[in-house]
1. Tell me yes or no: at least one residue of region 42-58 is part of a helix (DSSP H, G or I) and in contact with a strand residue (DSSP E or B) (Cβ under 7 Å, 6 or more places away or on another chain).
2. Which one of the conditions (1) part of a helix (DSSP H, G or I); (2) within 22 Å of CYS184 (Cβ to Cβ) does GLN96 fail to meet, given that it meets all the rest?
3. Is one or more of the residues making up region 556-577 farther than 30 Å from THR464 by Cβ, open to solvent by less than 40 Å² (accessible area, probe 1.4 Å), within 34 Å of the chain's Cα centre (by Cα) and at pLDDT below 85?
4. Being closer than 20 Å to SER555 by Cα, open to solvent by less than 50 Å² (accessible area, probe 1.4 Å) and not in a loop (DSSP other than H, G, I, E, B) is the filter here; which residues of region 525-537 pass it?
Amino acid sequence: MLNTIKNASFWVKLRRFSIKKRLSYSFAFLVICPIVIIMLVTHMIFGKAMKNNLRSYSEQLMAQLAANMAGEINWLVDCAMELAYSESFQNMVQYQEKVDWDFLNNYRLVCNMSSAKFNYKNYIQQVNYIGQTDRVYTLYGNNAAILQENIKAILEETKDRMSPYFWYFTGSNEEDEPALYLLCRVRKLTVGTVSGTMVISLGSEFLSDFYENMSESLGEGTRIFTVNDTGVLVSGNRDAYRYLEPESLSEAFRQENSNSRNFRVQDDKYMGVWSGIGNTGWKVIALIPYAYINSVSNSTSILILCIGFVVLLLALIIAAILNTSIVMPLNRILDYTLLLRQGEFRRQIVDDGEDEIRQLADSFNCATDEINRLMLSVKEQSEQKARLEFDALQAQINPHFLANTLNTISYLAQLRGMQNIENIAKALTNILMVSMGKESKIIPLEKEISYVKDYLLIQSYRYTNLYQVDFDIQGELLGYKIPKFILQPIVENAIVHGVSNLRDGYGHIRVSGYLCGEEIHLAVVDNGPGIPVKVQKELLNGNREKGMCGLGVRSVDQRLKLLFGDTYGLFISSRSGFTKVELIFPVEGGSGIEDSSDCG
């Protein structure tokens, strides 16, 4: 608590200075002073920093180089394994003892596959397969006879190695030419036994191509080569390697948390940077001459000192410009805020900038506009509230008056023995009471069916003997609660725009309902002329309400989606002589339905 009070006191004291002074002091402290300090100490510390940065940069480059090489190695291994366990290769292995037509056909397919995979890789010299009979089959490349003895010697030396694949290289001596081989043990997939070995002969450019141009990025005179985990040369610059002892390389590799070390080649000192190549155990090493590193460090130190003086002069000029560009617009905004306190809301701040101060000015202008708008809005809302309250009272009076009038008509029709008028009046009264909100917003399906039947009774006096309506509702479904007034608009549409438009034939409407898992499906099917696909989309998208009855298709669909989510709603399928409108929603009404009554 005490620290908080002290901090608050500090900020209060700091704000006693104007923004102009604070900006000037801050710029001097944060920019000018560091520039002067850097100018004084750069020549002392930059050399070491340069070497460290170069070492870090070189490690990153070598890590990326190793990742690229590992990617190529993994691609080669994947291709070899894919080829070895392809259907054609396995068939060739199966028939290798017979050397019949099946063997030759599959051998040809394997050769084509090998060419497709390896033809654009210049470093792949040969791909050979040696079966159990020690016969060499050339799958890719030429001069197989020249290398057969070498391959057999390699297989004899590595016969105890049963890994799925492994590497073998020769020519580690200074007078020998290095040669690299990838060996894959091929197993029969049917029995799992080793059937032979695939030998891929690789040229020296397999790895050296990756760092051919890397020397320019690491520095003039850089030498790059690759060694295995024991320090034996695999590929690269033999001139640099001959002066390094494998033991010293192995010792360097064992260093923890380090990928670099200094080496001496003859009388020259080098910075050695290396990175591991995937899971091969190999290392790619770059030897960067210290002569290059020192030359870059010295020239850069002199350049930085010269730049420092120029930057210091520019900093003073920029400080004055920035100070003015910030303080002047802020003072203008301050003046306008004083006018706002006096009740002047119509003044606008004009600022041609594109920075945060311009955004502040725009926000100020928007705030004043919003205040004016809110003042007008409050006045309009109070007037609108009075009108809505009056309209609400009037809307309650009119339906009640109509309901009472219909009851009177029904009573008079009963006295006169006019049964049809009495039936129509009673049915219309029931429907009117539903629309007035006398029932809950959710009702049993049985009641919804009764309202539909009241509506059908009214329509039967208008459309005499034009159609027939059948109900096929599962008995257990009648007690389930559904949103009220969702079936009547669909039935009304089926009559008015469906069966009543039939030129020939008798109309038929079928209202069905059933349970499907945890969903209720209600469907209204008619044999009217049908609804075109374009019109169906317009109805559901709300672009076509003309011609729809009651609440309309769009209204029913929106109510179901609002209550249960977008996965539910109203679905239309139609063709000539058949139209089906189906309502789908979950059982038990969902959490979106409010079980309450709106009484007039």
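1. yes
2. Result: GLN96 passes all but (1).
3. Within region 556-577 (the criterion being farther than 30 Å from THR464 by Cβ, open to solvent by less than 40 Å² (accessible area, probe 1.4 Å), within 34 Å of the chain's Cα centre (by Cα) and at pLDDT below 85), the answer is no, since none of the residues qualifies.
4. Across region 525-537, the qualifying residues are VAL525, VAL535, GLN536.
Here's the yes/no breakdown for (1) surrounded by fewer than 19 Cβ atoms within 10 Å (Cβ to Cβ); (2) touching a helix residue (DSSP H, G or I) at 6+ places or on another chain (Cβ under 6 Å); (3) closer than 21 Å to ILE151 by Cβ:
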{"position": "VAL31", "(1), (2), (3)": "yes, yes, no"}
{"position": "VAL36", "(1), (2), (3)": "yes, no, no"}
{"position": "ARG55", "(1), (2), (3)": "yes, no, no"}
{"position": "GLU59", "(1), (2), (3)": "yes, no, no"}
{"position": "TRP75", "(1), (2), (3)": "yes, no, no"}
{"position": "MET81", "(1), (2), (3)": "yes, no, yes"}
{"position": "VAL93", "(1), (2), (3)": "no, no, yes"}
{"position": "ASN106", "(1), (2), (3)": "no, yes, no"}
{"position": "PHE118", "(1), (2), (3)": "no, no, yes"}
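Here is a yes/no grid of residues against (1) among the hydroxyl-bearing types (Ser, Thr, Tyr); (2) modelled with pLDDT of 70 or more; (3) at positive phi:
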residue: ASN7; (1), (2), (3): no, no, no
residue: LYS21; (1), (2), (3): no, yes, no
residue: SER24; (1), (2), (3): yes, yes, no
residue: MET44; (1), (2), (3): no, no, no
residue: LYS48; (1), (2), (3): no, yes, no
residue: SER56; (1), (2), (3): yes, yes, no
residue: ALA70; (1), (2), (3): no, yes, no
residue: CYS79; (1), (2), (3): no, yes, no
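The values are calculated or read from the model by the stated rules, or taken from the named source; none is laboratory data. Everything numeric in this text was worked out from a predicted model, so none of it was measured. Cβ atoms come from the backbone with ideal geometry, glycine included; neighbour counts cover every protein chain shown. Only protein heavy atoms, including side chains, enter the accessible area calculation; ligands, DNA and RNA are left aside. Shrake-Rupley method; radii C 1.70, N 1.55, O 1.52, S 1.80 Å.
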